[in-house]
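Here is the structure we will look at, set down as structure tokens.
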Amino acid sequence: MQREMCDLKVQLAERVHSPPRETEYLKSQLGKISNRLRKAQKDLDLQYFITEDLKVEMEQMKGEKEALKNNVETQKIELRKERQMLTVGKTTNVMLESYLEIERAQAQELKNKLSKMEEALLKQDEEAKEILERSQASHRAQLEMQDKSNKNLMAALEKKCEHQLESERVLWQQEKTSLLEESNLCGSE
């Protein structure tokens, strides 16, 4: 887009020999458009970095969730081993029963914690997605408004330049006609 503006500046400079005030005004308008475009690009870059940060946080949460699942699986494996030992050694049944109950309670507690963490992660994931979608939609709307505004401004500038070029052409044609008439008068004398 900046390249197009530079090309437009060059084309305007080549086509129209406007008064310095008009030229400065047009340059000022083009500079404002360039500044708006740079700001929009910075906003887009910021949005990209926010999105990347949210993705990193989601990956970290997934890693924590996976670690908890592994911990629960380890607890389940240990619980199975304990059950096998219980069937083998019935003589220590009372002690093993109490130990087993403790392990079950711990496993259930871990399972409950994991379930709560999964719910919290899902909720955070949904919230992050909603925030990201709203943010992207808002940014897209801003960019579309900016683009429309820039197009309208460029159309107005083009129209003004064409009008000014036409005025310059008429003046040049009048000067040419005047000079031809003077030349014909001088030649006929």
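Please treat every number below as a calculation from the coordinates, not as lab data. Note that this is a predicted model, so its numbers are computed, not measured. Heads up, the Cβs are rebuilt from the backbone with ideal geometry, glycines too, and the neighbour counts pull from every protein chain shown.
A crude spin-label estimate for the pair residue 123 and residue 162, with each label 7 Å from Cα along the Cβ direction, gives 6.0 nm.
Measuring between alpha carbons in the structure, the pairs from 76/129; 32/160; 76/116 lying more than 27 angstrom apart are 76/129. In this calculation the C-beta distance from residue 64 to residue 108 is compared with R0 = 22 Å, giving a FRET efficiency of 0.60. Here segment 83-182 is assigned +1 on the Cβ of each Lys and Arg and -1 on the Cβ of each Asp and Glu. Its dipole about the Cα centre then comes out at about 760 debye. You can think of it this way: the chain between residue 49 and residue 29 has 4.1 nm of extra reach, that is 0.36 nm per residue less the Cα-Cα gap. Evaluating 6.51 cos²θ - 1.76 cosθ + 1.60 at θ = phi - 60° for every residue in segment 107-113, the Karplus couplings come out as 5, 5, 4, 5, 5, 5, 4 Hz, glycine and proline recorded as x.
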